[in-house]
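Here's the structure we're looking at; comments come further down.
Bear in mind these aren't lab numbers, they're just calculated from the coordinates by the rules spelled out. Quantities reported herein were computed from a predicted structural model and do not represent experimental measurements. Every residue, glycine among them, receives a Cβ derived from its backbone with ideal geometry; neighbour counts consider all protein chains shown.
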């Protein structure tokens, strides 16, 4: 009977600890999401990755009229180089075109390998094309919102930016 009580107590501890850890993880998850309210912008900049839901979010924002230009930035990063041979941005653009975004409203930066390069290489691409958006909607995974926003502000402080991500909580 003592052994059974010990096991029962241990299992209750694990369940309570699991709830506690979940609560803490939820707080961290919420912290990363900035909850910006969308505003009409000059460009939607999608920071690519392994998660094509981000491509869908960017494409839907374009189709809903939030901005007249959709930019995908991403080559093959540390995760995707082991998964794919085609750059992230090229794959994300295919998703957008499949959803009805016209090719001529899409720009692709497909050499960057991290968030900083996404911003810097996009900046160079836009300068090359003599396009000067003032305000951006940045699209990224939910847990990358805060980091992406901070990186954008650090590397391109003269531009306005808001950040969003696909809705829904991953559990």
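A Förster distance of 41 Å, applied to the separation of the beta-carbon atoms of residue 103 and residue 30, puts the FRET efficiency at 0.65. Kindly identify the range 37-165 as rounded, prolate or oblate by the Cα gyration tensor criterion: order the square roots of the eigenvalues as a ≥ b ≥ c, call it rounded if a/c is under 1.5, otherwise compare a/b with b/c, prolate if a/b is larger, else oblate. Note, shape of the range 37-165 comes out rounded. The ranking of 79, 95 from fewest to most other beta carbons within 10 Å of each one's beta carbon is 79, 95.
Once the Cβ-Cβ distance of residue 39 and residue 128 is raised to the sixth power relative to R0 = 41 Å, the FRET efficiency obtained is 0.95. Each of 104, 56, 160 was scored by other Cβ atoms within 10 Å of its Cβ. Arranged with the fewest first, they read 104, 160, 56. With neighbour counts taken as other beta-carbon atoms within 10 Å, the residues 94, 128 rank, fewest first, as 128, 94. Please compute the modelled spin-label separation between residue 143 and residue 53, points set 7 Å along Cα→Cβ, answer in nm with one decimal. With each label placed 7 Å out from Cα toward Cβ, I get 1.2 nm.
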